Amino acid sequence: MENIKQLISESLKDLPFKEKVDLINSIREHIHNESPFKNESVDFVKWIVSDDVIANDYNPNKVAPPEMELLEISILNDGYTQPIVTWENKTKDKIEVIDGFHRHRVGKESKIINAKINGYLPTVIIRKEQESKNDRIASTIRHNRARGKHQIDAMSEIILELKNRNWKNARIAKELGMDEDEILRLCQITGLQELFKDDDFSKSWDASDSIENYTALTDEIEEDFEDVRTVNTNDPDRIFHTFDKWECHKAGFYATKHDSLNGEQCEKKYYDLLSSEHLFDNALIGVINNWTNSCEHYLTNKSMNRIAWLGQASVCYFFQVPSKYCTGWNLLNKEEQYKANLLALKYLNIWNKNNNRPEESLKDALSEGRQVSIY
């Protein structure tokens, strides 16, 4: 053991600072992989360059300026006693915060703290099976609630986010350590009708003693509405966003015309982009990296032709051409169409991998014979 310690000390001696930190991280990671506690995130604290650590976009916990100053004083005097909980966001090639947003801010924004820790931050990585956005949101809120701190308005938005991701009220209550009465109150704050559509809320009160003769209001519908029902709404892995959150909608995906091009020119743009591997490749990268909500909403709908959507979204992203001119697809010959489909499939599976979803075949992604149109 003494020989091992001496070897480590000699290996670290005289190394430049960054290389020394990298080697220490590597040694710690190796020990962690052999540790009986390797399933516990805190077993491996890794120092990361602070510029490589980014905030999430959903944390409902807010700290007032005086408390931020107190946190700075605490870290200055006591050092970092808690690492920042993170996950590897491969899409952005960054480490994204799950818990410890304000510790992360102090480490970046306080000049004295930043200098003290040489521009690094102490982090731990959550387990791979908890990397979906649903699990990350739930983890952030559990950490906040364990400290007794969360912002009510932001919590209401989080509840909406989880319900749009097909989480039932019982699951939200279980995962976030809440009861259904609390969920109901948060929904009332938002005033959004869709938050109340889950009939699980009927468990939150008992009106049986209020009026002797009354007609119970339920969500049951006697008529058969299957012919007009939106498909694939019961898939627990499907994610929903309202249209005002769709980046494609803001970019003119559903517009009736282009600002400066006529119909024939718009169809030609379809050919220009989809027949060029280089242009289509760049446009697909832009779509999956920048149209986060649109990709979640459309690419999780397995009943639609997601290959077609990626093609139409790419033309809209690159040329601002609306999807109504998608007949430009027919300008491509069969070989060009096949190559375009394969390239779209490649980026669909890149998106799937980045979002912890299984790889799909071209047949599944095309959804042939299932849903004819996108919407």
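The values are calculated or read from the model by the stated rules, or taken from the named source; none is laboratory data. Small disclaimer: the values here were computed from a predicted structure and weren't measured. As a convention, Cβ positions derive from the backbone with ideal geometry for all residues, glycine included, and neighbour counts pool all protein chains shown. Surface areas here come from the heavy atoms of the whole protein model, side chains and all, with no ligands, DNA or RNA. Shrake-Rupley method; radii C 1.70, N 1.55, O 1.52, S 1.80 Å.
One table, with the values for the structure above:
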item: For region 261-375, diffusion coefficient by Stokes-Einstein and Kirkwood Rh (Cα), 10 °C, 1.306 mPa s, µm²/s; result: 113
item: By average C-beta atoms within 10 angstrom, highest first, the peptides 266-278, 93-105; result: 93-105, 266-278
item: Share of carbon and sulfur in the accessible heavy-atom surface of region 1-57 [1.4 Å probe, %]; result: 54
item: 12 Å beta-carbon shell around G263, net charge (K/R +1, D/E -1); result: +2
item: Unsatisfied cross-links (Cα-Cα over 30 Å) in the set K5/K92; K18/K128; K92/K250; K92/K257; result: K5/K92; K92/K257
item: R0 of 51 Å, Cβ-Cβ distance E109-N352: FRET efficiency to nearest 0.05; result: 0.90
item: Hits among lysines - C-alpha to C-alpha of K334 under 19 Å, sequence gap 8 or more where chains match; result: K268, K269, K346, K363
item: For T123, distant residues with modelled amide H under 5 Å away; result: K46, W47, I48, I84
